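The structure appears right after this line, and notes come after that.
The values are calculated or read from the model by the stated rules, or taken from the named source; none is laboratory data. Nothing here was measured: the structure is a model prediction, and the numbers come from that model. With ideal geometry, Cβ positions are generated from the backbone for all residues, glycine too; neighbour counts draw on all protein chains shown. We work out accessible area using only protein heavy atoms, side chains counted, and drop any ligands, DNA or RNA first. Shrake-Rupley method; radii C 1.70, N 1.55, O 1.52, S 1.80 Å.
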Amino acid sequence: MRAIKILIMLVMFICALLLSSCSHMEFNAENLMIPPTLTAEQNKIRDALFDALGTSNVKFKYPKSGKYRSAFVLYDMDGDGKDEAMVFYDPQLGDSNVRVNILNQTDTGWVSTYDIGGKGSNIESIDFCKMTSVDTEDIVIAWNQPGNKDKTITVFAYQDEQLVQQSSEWGYNEKLLYDFNKDGMIELLLLRSNLVSGEASARLVSYSNDELKSSSSIPLNSSISSFERVQIGMLDGITEAVFIDSLLESGDYITDILKCEFNSGRSKMLNVLEQLPIDKQISTQRKLKVYCEDINQDGKIEVPYMPASSYLPGYDDSMDGDKMYSVQYVGWSGTDFKPLWYGVINVDAGYRFEYPEEWVDIVTVKRQMATDEWSFIVYDQSLDNDFQQLLRLRTNNKSQMKDKFETENYRILGERGIYEYLAIIPSDLEDKNLQISYEEVSKRFTILP
């Protein structure tokens, strides 16, 4: 018994000691991360790099995004059938930028042949693509600095066992590498925003007249805070476009649609919305975090649209607290954008529901805060008059305990991960013209991608 008491006191003493010293403990996230285990070949490359540098006091740097996430990138950069090695490392000499070392395979092993300083203290991404020739691939390296959303990108060619810079250094926030004119050569689209200077732009970089250069630049909304989603898709059955969903400083979202045109060998980006006549232009600015998407699986991208009159019945701009909105998706008709979908989107729960035509301007949504359930009711002068309920939708976490009687009459519409989506149609509806079936609810309900 005495031994047990002593053991308990010892444990309590150690815990107290640890707690009292917490304020003096400093953690560095990068130091806490365990580097990936190197393969046998990577170990050989590492040792060859140490021999070339005359030191092992280096820190390897790993690309943050893209296909290649290793500090040791093996790739046949000269097309001779053998891989070269590209190693990213920090020489740990003060605030120096990351360096790139090229190593080649010889009969006796790996040998360092070239070393170059980078344009930032971190590697953002590595890409290999044909930008200056259809015969050889270029190396596109993006760099960044800690705590800075701005990035820098440079294009190199691999010639005579060296990296030869092919371009200027461009700043950007998001990039897209794509063959816009289908000629086998990749163009580079760079998106950049700067709230301090009040500037935002989309720059197209392409190769012409033996030079890789900026071929066009168009201004974007100067209040763009970040680019949330950038995707290539079909505007119609013929035209391919870039759909850019961005977050504004105000908290709203906005979409830009860009297409690439080619004239006399020159590439040029155009803003589709600004090319329309004034009477056919629309504003894509919206309150909800919803993105462009092919919602009807027709192979074309639709755009979220929320005009100023998007409040559901019973809600308006003068109300305090959460407001409820309707959302439309519009698609390109060839001359302008036509509405293709009307409904509501529960961004937090991750689903959308398309309204029947009979519900438009008549049915509103009342949120039950305790369960985050959405009740679809016939609006009758006040949101408190909710006795005419048409439908209720809710989301349940399957891993959490719940009263089985609470949802026993609900039907499951779908599942994703630990969540299930449920619906119930009240049976005492007075207006049968607005009634909806479970089959129709299932067709109109979609879990967000």
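Net charge near THR395: determine it from the other residues with C-beta under 11 Å of the C-beta of THR395, scoring Lys and Arg +1 and Asp and Glu -1. Around THR395, the charge tally is -2. For the stretch 208-265, the share of accessible area belonging to carbon and sulfur comes to 40 percent (1.4 Å probe, ligands and nucleic acids excluded). Average 1/r across all pairs of distinct alpha carbons in the stretch 358-448, invert it, and you get the Kirkwood radius: 14.1 Å. Local charge for SER216 was computed over the other residues whose Cβ lies under 13 Å away, with Lys and Arg +1 and Asp and Glu -1, and equals +3.
Of the chymotrypsin sites (Phe, Trp or Tyr not before Pro) found in the stretch 329-432, those in coil by DSSP whose Cβ has at most 13 other Cβ atoms within 10 Å are PHE387, PHE405. Under the simplified labelling scheme, the SER442-VAL164 pair shows an inter-label distance of 6.4 nm, with each label point 7 Å from Cα along Cα→Cβ. By the rule of a C-alpha distance below 28 Å, with chain neighbours fewer than 8 residues away ignored, the lysines paired with LYS338 are LYS259, LYS268, LYS280, LYS287, LYS289, LYS300, LYS323, LYS443.
If R0 equals 30 Å, the separation of the Cβ atoms of TYR62 and SER216 corresponds to a calculated FRET efficiency of about 0.30.
Across the alpha-carbon atoms of the chain, the computed radius of gyration and Dmax are 28.8, 93 angstrom. In this rough spin-label picture, where each label sits 7 Å from Cα along the Cβ direction, the GLU240-LEU270 distance is 1.7 nm.
Assuming R0 = 30 Å, can you tell me the calculated FRET efficiency for the pair ALA370 and SER318, based on Cβ-Cβ distance, to the nearest 0.05? Efficiency for this residue pair is about 0.70. Probing with 1.4 Å while keeping every protein chain in the model, the per residue accessible area of the chain equals 54 Å².
Per residue of the chain, the DSSP helices (runs of n ≥ 4 H) give a summed -39500 (n - 2.57) that works out to -3000 deg cm²/dmol at 222 nm.
The angle between the Cα long axis of helix 2-20 and the main principal axis of the chain comes to about 80°, on a 0 to 90 degree scale. Taking 0.36 nm per residue of separation and subtracting the Cα-Cα distance, full extension of the segment from ILE362 to ASN409 would add 14.3 nm. In this simple spin-label approximation, GLN435 and ASP107 carry label points 7 Å from Cα along the Cα→Cβ vector, and these lie 8.9 nm apart. Between the residues TYR89, SER223, THR335, the greatest Cα displacement towards the positive end of the dipole of the chain, with unit charges on the Cβ of Lys, Arg, Asp and Glu, is found for TYR89.
A simple rule links phi to the HN-Hα coupling: the Karplus curve 6.51 cos²θ - 1.76 cosθ + 1.60 with θ = phi - 60°, which for the stretch 217-226 gives 8, 10, x, 10, 4, 5, 9, 5, 8, 7 Hz, with x for Gly and Pro.
On a 29 Å Cα-Cα criterion, which of the cross-link pairs LYS82/LYS149; LYS149/LYS366; LYS82/LYS213; LYS182/LYS213 come out too long? Numbers along the way, then the final one.
Numbers: LYS82/LYS149 36 Å; LYS149/LYS366 39 Å; LYS82/LYS213 31 Å; LYS182/LYS213 18 Å.
Pairs exceeding the cut-off: LYS82/LYS149; LYS149/LYS366; LYS82/LYS213.
Neighbours of VAL134, meaning other residues whose beta-carbon lies under 11 angstrom from its beta-carbon, give a summed charge of -3 when Lys and Arg score +1 and Asp and Glu score -1. Element breakdown for the stretch 325-418 at a 1.4 angstrom probe: carbon and sulfur atoms account for 45% of the accessible area. If the chain linking LYS149 and GLU228 were pulled fully straight, counting 0.36 nm for each residue of separation and taking away their Cα-Cα distance, it would gain 27.1 nm. Taking the C-alpha atoms only, the angle from helix 40-53 to the longest principal axis of the chain is near 50 degrees.
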